[in-house]
Amino acid sequence: MEPRVRAVCNLMISSVRENAGLHDYDGDIQDLSPDGVRSGLAALPSPAAPADHDEAHLAAFEEMLRASFGELEEHRTNPLVHLDNMDLSVYDREYAPAKEREAARRRHLASWPDAVDMALQSLDRVSRPTAAGLVEAVVGLASGLDESDPTEAAALAAHRRLVTHIENAAAEGEPDPAIGEGGLTRLLSSGEAIDVDLARLTAQADDERDRLTADLQEACALIRPGAPVSEVVASLLADHPDAGGVVDEARQQVEEAVSFTHERNLVPGLDGECLVGPTPPARRWAFAMMSWAGPYEPDAPSWYHITPPEPTWPARQQEEWLEAFNRTTLPAITVHEVAPGHFAHGRVMRRLVSDVRKAMMSSSMIEGWAHYTEELCVEEGFRADDPRFRAGVAIEALVRVTRLAVSIGVHTSEMTIDEASRRFEQDAYLQGPAARSEANRATFDPTYGRYTWGKLEILKLREKARAAWGPDFSLPRFHKELLDLGAPPLGLMASGLGL
């Protein structure tokens, strides 16, 4: 790997180990102390005009790192950066013999005291809402560790220091989590090689919300003619499998989604195995996620992880959690996570040869693609005889577009967390704790509007390709040429296709 690419990877260790499968980083932690971050940034070259698409892709990631670490100093404000640095979940993947992965996991655990020291040096500007939104995730990081094991006991002692620090920030930190209009604009623009206008993006989000609301109304009218949309949605959310049946239903849907993707040739060359199982303990704050076989790994099954509720939770809390796996939205989630979404995308990533394309993945493009495929399946007739699928896609999309509006509102200080929660209740049909959780996520994941933003940019690009290619346009061609770029910054997709 050329030094310029390696310098970027060294500033994204958890990401490239997890998503790209660069396991030469196994057991390593990134130096996220103030001095370590400065040293990593100093290793990046001075900005220069890129010679080709891959150089432009690489330059965007260099600029994103300068913005996030050098200007916004996220290692000082956002515990999630340090949480990712310590996360052990990657070693659950079957990319190497179990003995080798366990040795790497133990090396990683042995570094937790150093990682916590770095975190405590850096995390001096954590806001109250940001810390409060991450306390449970930080606590969950140590799930399953054994106090009787000396290595794990030392890791647990360090972990307790980190938990205390985050809890103190949740009680005593500054009240405003906003990174500011300029900060959010810079963060979005730098990594995506695109000039972002937040006012225009807000207007796009409002237009998309209105379109999706109308689509949901039409679908609900087919399900229960004449009933209020809110009543129909409530009844749909209440129809879900029990805790023991969630994984089984998701497994059946994987077969259905993969078969449909093959039938329509939506992602040419789809291969590999996707298994379904419970989420690793440290990540059970998430409802569902894809853990794919990375581009640099030997081939192995990818995992579609589902998180059933904990049996120790109160009955009402279990019921609220299970509503996320209702029979209306779970098929849309499966399409998003598996095929033609993340799993299918990951299989294409394995066929790439460029280190830049294999290692540097725009999260806006990755999530935008998976979100785009949900509506693509509606267009192509997936479950065309059941309006619940169309309704489920609209419900999921309303959550994503509300994230975009809320991220802009919170980080420009035009929206409080309470107002953000109400926005999720009003526009996305979330209730109580679920709405509050989504609002809190904006504080530590300021770019979580990337799902809708990426989808809208892909749809715009598709129409541009349709006009430019004329009779030579087809969905298989468009999808193949786009995914052959890997997961490029949004602003480079068109030039990568020669448009």
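The values are calculated or read from the model by the stated rules, or taken from the named source; none is laboratory data. Since this is a predicted model, take the numbers as computed values, not measurements. With ideal geometry, Cβ positions are generated from the backbone for all residues, glycine too; neighbour counts draw on all protein chains shown.
Based on what the data block shows, is SER46 within 23 Å of GLY496 (Cβ to Cβ), small (Gly, Ala, Ser) and either surrounded by fewer than 21 Cβ atoms within 10 Å (Cβ to Cβ) or under 24 Å from the mean Cα position of the chain (by Cα) (or both)? Spelling it out, it is not the case that SER46 is within 23 Å of GLY496 (Cβ to Cβ), small (Gly, Ala, Ser) and either surrounded by fewer than 21 Cβ atoms within 10 Å (Cβ to Cβ) or under 24 Å from the mean Cα position of the chain (by Cα) (or both). Residues that are in contact with a His (Cβ under 6 Å, 6 or more places away or on another chain) number at least 1 in the following helices (runs of 4 or more DSSP H) confined to the stretch 1-105: 34-42, 79-86. Contact annotation: residue pairs with Cβ atoms under 6 Å, 6 or more positions apart or on different chains, pairing a residue in the stretch 476-499 that is at positive phi with a partner that is of a type outside the set (Val, Ile, Thr) and in a loop (DSSP other than H, G, I, E, B), are GLY486/LEU352. Filtering the stretch 106-143 down to residues that are among the charged types (D, E, K, R) and outside any helix (DSSP H, G or I), which residue is farthest from SER407 (Cα to Cα)? Looking at the filtered set, the residue picked out is ASP124. GLY269 meets all of the listed conditions (1) out of contact with any Phe, Trp or Tyr (no Cβ under 8 Å at 6 or more places or on another chain); (2) in contact (Cβ under 8 Å) with a residue 60 or more places away in the chain; (3) crowded, with 16+ Cβ neighbours inside 10 Å but one, namely (3). The residue that is farthest from the chain's Cα centre (by Cα), among those in the stretch 174-186 that are under 27 Å from GLY486 (Cα atoms) and either free of Cβ contacts under 8 Å to residues at least 40 places away in the same chain or surrounded by 22 or more Cβ atoms within 10 Å (Cβ to Cβ) (or both), is THR185.
Looking only at the stretch 235-249, residues that are part of a helix (DSSP H, G or I), at pLDDT below 95 and among the aliphatic types (A, V, I, L, M) come to 4 in all.
Within this structure, ARG17 passes the test of being closer than 22 Å to TRP292 by Cα, surrounded by 14 or more Cβ atoms within 10 Å (Cβ to Cβ) and not hydrophobic (A, V, I, L, M, F, W, C).
For the residues THR261, THR279, THR202, the requirement of being modelled with pLDDT under 95 and β-branched (Val, Ile, Thr) singles out THR279. Taking the criterion of being exposed (fewer than 13 other Cβ atoms within 10 Å of the Cβ) and touching a residue at least 24 places away in the same chain (Cβ under 8 Å), the only residue of the stretch 219-231 that qualifies is SER230.
Report yes if some residue within the stretch 188-195 is touching a Gly at 6+ places or on another chain (Cβ under 6 Å) and either hydroxyl-bearing (Ser, Thr, Tyr) or assigned to a helix (DSSP H, G or I) (or both); otherwise report no.
Checked the stretch 188-195: at least one residue is touching a Gly at 6+ places or on another chain (Cβ under 6 Å) and either hydroxyl-bearing (Ser, Thr, Tyr) or assigned to a helix (DSSP H, G or I) (or both).
What number of residues in the stretch 407-431 are of a type in the set (A, V, I, L, M, F, W, C), in a helix (DSSP H, G or I), free of Cβ contacts under 8 Å to residues at least 40 places away in the same chain and within 16 Å of SER127 (Cβ to Cβ)?
1
Here THR312 does not qualify as closer than 17 Å to GLU337 by Cα and in the same structural domain as HIS371 (by TED's automatic domain parsing).
Of all residues in the stretch 166-185, those that are in contact with a helix residue (DSSP H, G or I) (Cβ under 9 Å, 6 or more places away or on another chain), within 19 Å of VAL406 (Cβ to Cβ) and part of a helix (DSSP H, G or I) total 5. Looking at the structure I just gave you, is ALA434 farther than 26 Å from LEU490 by Cα and either free of Cβ contacts under 8 Å to residues at least 12 places away in the same chain or not in a loop (DSSP other than H, G, I, E, B) (or both)? Yes, satisfied. For ARG462, the test of being of a type outside the set (Gly, Ala, Ser) and either in contact with a Ser or Thr (Cβ under 6 Å, 6 or more places away or on another chain) or over 22 Å from SER235 (Cα atoms) (or both) is passed. Might you let me know whether the stretch 207-222 holds any residue that is part of a loop (DSSP other than H, G, I, E, B) and either at pLDDT 95 or above or polar (S, T, N, Q) (or both)? For the stretch 207-222, residues part of a loop (DSSP other than H, G, I, E, B) and either at pLDDT 95 or above or polar (S, T, N, Q) (or both): absent.
Looking across the stretch 401-422, just one residue is within 15 Å of GLY180 (Cα to Cα), crowded, with 24+ Cβ neighbours inside 10 Å and polar (S, T, N, Q), and that is SER407. If you check PRO301, PRO331 for being of a type outside the set (A, V, I, L, M), over 30 Å from ALA56 (Cα atoms), surrounded by fewer than 21 Cβ atoms within 10 Å (Cβ to Cβ) and in contact (Cβ under 8 Å) with a residue 24 or more places away in the chain, only one passes: PRO301. For LEU65, the conditions (1) under 29 Å from THR151 (Cα atoms); (2) buried (at least 18 other Cβ atoms within 10 Å of the Cβ) are fulfilled apart from (1).
Taking the condition surrounded by fewer than 19 Cβ atoms within 10 Å (Cβ to Cβ), more than 30 Å from VAL356 (Cα to Cα) and either among the aromatic types (Phe, Trp, Tyr) or assigned by TED's automatic domain parsing to the domain that holds SER413 (or both), does ASP207 pass?
Judged against the criteria, ASP207 is a match.
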